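Student: Pasting in a structure now, in structure tokens, and then I'll have a few things to ask.
The values are calculated or read from the model by the stated rules, or taken from the named source; none is laboratory data. None of these values were measured; they are calculated from a predicted model. Heads up, the Cβs are rebuilt from the backbone with ideal geometry, glycines too, and the neighbour counts pull from every protein chain shown. Note: accessible area is taken over every heavy atom of the protein model, side chains too, but ligands, DNA and RNA are not part of it. Shrake-Rupley method; radii C 1.70, N 1.55, O 1.52, S 1.80 Å.
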Amino acid sequence: MANSNAKGDRRERELVNALDEAGFAVMRAPASGSATERELPDVLSGDGETFYAIEAKSSAGDPIYLTGEEVEALLFFARNFGAKPRIAVRFDREDWYFFHPADLHTTDGGNYRVKKEKALSEGTDFEEFVGHSEKVTLDAVADDGPDQSVLDVLSAFERGDLSKEDAAAMLE
């Protein structure tokens, strides 16, 4: 019988290899806690300045759930280790996306949920996570339009209160 965790293990190794290729020191915790009585994160990673304790989850479906105990164990370990806690999620045919646990939806039962739509729209993508890019949102680059003073000059020209030359001079 195939290991029921084989796909998750493969995804964790994929994440470890990607972080390694991005220049991070990285290790995958042995069996993520099942080989020991201590709850360990799936991945420990750092670049010499920033250190992460990462709980990795992948799914072919939508959404991805984490138990409250998994998240609490991650937060406890990260705090004591001096690392930043992160949840890494990967949906089939998508890249890895990263979240601080506080940014996840908490269910009525005290568990955590990440929907694919939220991962794609609000998650930190891999390139940003490793410092190779920075997310730019539409709000950050939105053009609020011309200044009110420019609109006032153009309105005055349109009404005939200003000549074309006077309007142009005012806009310089």
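Student: LEU162 fails exactly one of the following numbered conditions: (1) surrounded by 10 or more Cβ atoms within 10 Å (Cβ to Cβ); (2) outside any helix (DSSP H, G or I); (3) at pLDDT 65 or above; (4) touching an Asp or Glu at 6+ places or on another chain (Cβ under 7 Å). What is the number of that condition?
Tutor: Of the numbered conditions (1) surrounded by 10 or more Cβ atoms within 10 Å (Cβ to Cβ); (2) outside any helix (DSSP H, G or I); (3) at pLDDT 65 or above; (4) touching an Asp or Glu at 6+ places or on another chain (Cβ under 7 Å), the odd one out for LEU162 is (4).
Student: Collect the residues in region 86-95 that are touching a strand residue (DSSP E or B) at 6+ places or on another chain (Cβ under 8 Å) and over 20 Å from LEU40 (Cα atoms), keeping them in residue-number order.
Tutor: PHE91, ASP92, ASP95
Student: Separate question: What residue, among those in region 81-116 that are under 13 Å from SER59 (Cβ atoms), in contact with a Lys or Arg (Cβ under 9 Å, 6 or more places away or on another chain) and without any contact (Cβ under 8 Å) to a residue 40 or more places away in the chain, is most open to solvent (accessible area, probe 1.4 Å)?
Tutor: If we take residues in region 81-116 being under 13 Å from SER59 (Cβ atoms), in contact with a Lys or Arg (Cβ under 9 Å, 6 or more places away or on another chain) and without any contact (Cβ under 8 Å) to a residue 40 or more places away in the chain, then GLU94 is most open to solvent (accessible area, probe 1.4 Å).
Student: Residues in region 16-25: is at least one of a type in the set (Asp, Glu) and assigned to a helix (DSSP H, G or I)?
Tutor: yes
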